[in-house]
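The values are calculated or read from the model by the stated rules, or taken from the named source; none is laboratory data. Because the structure is predicted, anything quoted here is derived from the model rather than measured. Here Cβ is always computed from backbone atoms with ideal geometry, including for glycine, and neighbour counts include all displayed protein chains. When the accessible area is computed, the model is the full protein with side chains, heavy atoms only, and any ligands, DNA or RNA have been set aside. Shrake-Rupley method; radii C 1.70, N 1.55, O 1.52, S 1.80 Å.
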Amino acid sequence: MKANILVVDDEKIQREMLGGHLNKKGYSVLLASSGQEALDSIKHNTVDILISDQKMPEMSGLELITRVRKEHPNVSMIMLTAYGSIDDAVQAMKNGVEDYLTKPLNLEELDIILEKILEKQELVRENEQLREQVQKAPYFPGIVYMSEAMEGVMSKVARTAKSNATVLITGESGTGKELVARAIHEMSSLSEKPFVAVNCSAIPENLIESELFGHEKGSFTGAERLRVGRFEQANGGTLFLDEIGEVPLSVQVKLLRVLQERKFERVGGNEPIKVDVRIVAATNRDLEDEMRTGNFREDLFYRINVVGIEIPPLRKRKADIPVLAEHFIKLYAEEHSKEIVGITPDALDFLVKYSFPGNIRELGNIIEQAVVLTRNDTITVRDLPLRVSSDEEKPYEDMGLDQQVANLEKKQLLKAMRETGGNKSAAARLLDISERKIRYMLKKYGEKEI
Ligand SMILES: Nc1ncnc2c1ncn2[C@@H]1O[C@H](COP(=O)(O)OP(=O)(O)OP(=O)(O)O)[C@@H](O)[C@H]1O
Ligand SMILES: [Mg+2]
């Protein structure tokens, strides 16, 4: 759909000449012979771009644009000034016109300016749509999604939260297991009580027991004081056992007992301590596999997996990628104090096509890096890491030829290096270039990324 352009000029010949040109270019054109007529026209029509002469009797062009800026902020404006009247041009730019042109008009220049304005308007519109989607999507603050798959997960989360039942959250690394665990707590009747998270994979095996259950003073070398364990800390609230697949078998027995009897003893103690905690556990391992190989107790599995919540990987819910990208752009633009309005459609395309082995955490990292690196107010393909921007066939229309050639070169290099398992001389043979050139290219494009 071509844009609507309003041309304002008190000189009939000028106005009609310009109108005729724009018509030929396929725009739909409105004409006005004065500022007042223009204001009326904007009120009653959809106007995307206003082109106004500066020198007009009654209302000047400057006056007109100042009023339009206030009353119709979505209309982009171009000012036409007489040759040499730089002051007017400066004044117009200050008042929010996109650009100015001096008379006599260079129509080619005008065409280019119009294209640019329309591209920008398109981007703004897309970003507005995304923003609306972002606002509609989350049920819970901080959890962003659009996909039906996540809609299902979150509705299960909401139902689970009400029951205080034990929950097992599964999903690949970076899919949002911890975020969901916290949401369950926040939505439950225990939200005012403590939420205590234990990362079982981060604690050395010989200390897990004391971390979870605490220890009495002097119970082992180094236990100089009594220590209250995580179960006691979480009493009345939620205990999040992250990476539960990493818990050694010896501790699994004890966990099972707490879950069955709701009581335990501190390490080195014999007085049973009663607790009332809701358990939410998470793992990126396949626990059924672990059971088969004898690394995870079956009875514990069934105790934990009262409600199972499986978070799908990002590549299986691509509809979430645009809203998550927008979410992270906002988040990191603010964190790094950069004014970034959005992402180009091309760059977003690459993100949507990428497989995200690191899931949402990886998307977050990619966006943060792009926000930090970009020189524009919009993230472009150039700001994305090679692994994202090189797995695609289509030409890079928002780049110059040099950049396109470089991208093709990078892409072929990457492919050859992958296919040869990183063997430089094999890759050189494959591409029919010297090994020296391979080394040069690797350096040029950042060996680490490849
Ligand atoms: N739906 C979402 N909306 C917004 N941010 C999300 C979403 N899902 C995940 N994140 C963010 O992605 C990052 C990874 O999430 P989280 O730590 O919950 O994943 P995880 O599954 O626990 O990963 P791991 O298995 O590696 O511990 C976090 O910064 C989190 O805030
Ligand atoms: Mg986690």
Scanning the range 359-376 for residues that are open to solvent by 20 Å² or more (accessible area, probe 1.4 Å) and part of a helix (DSSP H, G or I), which turns out farthest from ligand 2 (Cβ to nearest atom)?
Leu373
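Could you please find all residues in the range 309-328 being under 28 Å from Leu256 (Cα atoms) and surrounded by fewer than 17 Cβ atoms within 10 Å (Cβ to Cβ)?
Glu310
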Assuming Phe213 fulfils every condition listed in (1) open to solvent by less than 10 Å² (accessible area, probe 1.4 Å); (2) away from ligand 1 (no atom under 16 Å from the Cβ); (3) closer than 23 Å to Gly152 by Cβ apart from one, which condition is it?
(3)
I need a count of the residues in the range 158-181 that are within 11 Å of ligand 2 (Cβ to nearest atom) and either in a loop (DSSP other than H, G, I, E, B) or surrounded by fewer than 18 Cβ atoms within 10 Å (Cβ to Cβ) (or both).
8
Against the condition part of a helix (DSSP H, G or I) and either in the same structural domain as Ile112 (by TED's automatic domain parsing) or open to solvent by less than 30 Å² (accessible area, probe 1.4 Å) (or both), how does Leu62 come out, does it pass?
yes
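Could you pull out the residue among Leu110, Leu101, Leu50 that is of a type in the set (A, V, I, L, M), part of a helix (DSSP H, G or I) and under 20 Å from Ile13 (Cβ atoms)?
Leu110 is the lone residue from the list that is of a type in the set (A, V, I, L, M), part of a helix (DSSP H, G or I) and under 20 Å from Ile13 (Cβ atoms).
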Against the condition out of contact with any Cys (no Cβ under 9 Å at 6 or more places or on another chain), in contact (Cβ under 8 Å) with a residue 40 or more places away in the chain and either under 30 Å from Leu6 (Cα atoms) or not hydroxyl-bearing (Ser, Thr, Tyr) (or both), how does Leu101 come out, does it pass?
no
Output for Cβ contacts, cut-off 7 Å, separation at least six or different chains, first residue open to solvent by 60 Å² or more (accessible area, probe 1.4 Å) in the range 346-357, second of a type in the set (D, E, K, R), reads Lys353/Asp391; Lys353/Glu392
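When you go through Leu287, Leu256 one by one, which is the residue that is within 16 Å of ligand 2 (Cβ to nearest atom) and surrounded by 15 or more Cβ atoms within 10 Å (Cβ to Cβ)?
Residue meeting the stated conditions: Leu287.
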Checking the conditions here, which among Val306, Val405 is surrounded by fewer than 21 Cβ atoms within 10 Å (Cβ to Cβ), out of contact with any helix residue (DSSP H, G or I) (no Cβ under 7 Å at 6 or more places or on another chain), free of Cβ contacts under 8 Å to residues at least 40 places away in the same chain and of a type in the set (Val, Ile, Thr)?
Val405
Please go through (1) under 30 Å from Ser155 (Cβ atoms); (2) open to solvent by 70 Å² or more (accessible area, probe 1.4 Å); (3) of a type in the set (A, V, I, L, M) for Ala202 and return the number of the only condition it doesn't satisfy.
(1)
Just to check your reading of the model, which residue among Val247, Val275 is assigned by TED's automatic domain parsing to the domain that holds Val198, open to solvent by less than 80 Å² (accessible area, probe 1.4 Å) and either among the basic types (Lys, Arg) or within 16 Å of ligand 1 (Cβ to nearest atom) (or both)?
Val247
